[in-house]
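Reviewing the structure listed below.
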Amino acid sequence: MMYVTRREHFSAAHRLYNPVWDHAKNEAVFGKCNNPAGHGHNYYVEVTVAGEIDPETGYVVDLKELKHIIIEHVIRKVDHRNLNTDVDFLAGVIPTAENIAHGIWMQLVDRIPQGRLHQIRLYETEKNFVDYRGEA
């Protein structure tokens, strides 16, 4: 099994809060990430496709095509957006790194032309990232 990864970047703002909780509980759970004005991150997303090498092309997946799919179905929707209000695939969820990674998976899982989507790795900061490998 071969694993091929494409990395993309986007900048976005969000606020972590649960609308059913009061201010005190949101503050206790989310701290400074609960700022009513929101805050921003420079995210990196790594999309990994697993598969066998095609003997005719030498590819698991054409990286040019994978780049186009990621930009069209993810980056254009999230870059320089408010993740709480502007992104259809995040509607109704708290935009934590975990939920963003899951949302990205759902945008891509049925669009990979060769191989299969193996993992989404989302860096929220240089030191904080999450990995999602699909429904278990």
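The values are calculated or read from the model by the stated rules, or taken from the named source; none is laboratory data. Source: prediction; values computed, not measured. Cβ: placed from backbone, ideal geometry, glycine included. Neighbour counts: every protein chain shown. Just so you know, the surface numbers come from the protein's heavy atoms only, side chains and all, with ligands and any DNA or RNA stripped out. Shrake-Rupley method; radii C 1.70, N 1.55, O 1.52, S 1.80 Å.
Observations on the model:
- Of 104, 120, all but one fail to be open to solvent by less than 40 Å² (accessible area, probe 1.4 Å), assigned to a strand (DSSP E or B), under 21 Å from residue 62 (Cα atoms) and at pLDDT 95 or above; the exception is 120.
- Neighbours by Cβ (under 9 Å, 6+ apart or cross-chain): first from the stretch 118-130, of a type in the set (A, V, I, L, M); second at pLDDT below 95: 120/134
- Conditions (1) under 17 Å from residue 8 (Cα atoms); (2) within 15 Å of the chain's Cα centre (by Cα): number failed by residue 93: (1)
- Residues considered: 17, 44, 59. Of these, the only one that is open to solvent by 20 Å² or more (accessible area, probe 1.4 Å), part of a strand (DSSP E or B) and modelled with pLDDT of 95 or more is 44.
- If you go through the stretch 10-47 and keep only what is within 14 Å of residue 75 (Cα to Cα) and without any contact (Cβ under 8 Å) to a residue 40 or more places away in the chain, you end up with just 42.
- Enumeration of residues in the stretch 61-90 that are farther than 12 Å from residue 6 by Cα and hydrophobic (A, V, I, L, M, F, W, C): 74, 75, 78, 83, 87, 89, 90
- Which listed residue, of 22, 54, is of a type in the set (Asp, Glu) and open to solvent by less than 80 Å² (accessible area, probe 1.4 Å): 54
- Scanning the stretch 123-136 for residues that are loosely packed, with under 15 Cβ neighbours inside 10 Å, under 21 Å from residue 34 (Cβ atoms) and not charged (D, E, K, R) turns up 125, 128.
- Residue check for residue 114: more than 12 Å from the chain's Cα centre (by Cα) and buried (at least 16 other Cβ atoms within 10 Å of the Cβ): yes
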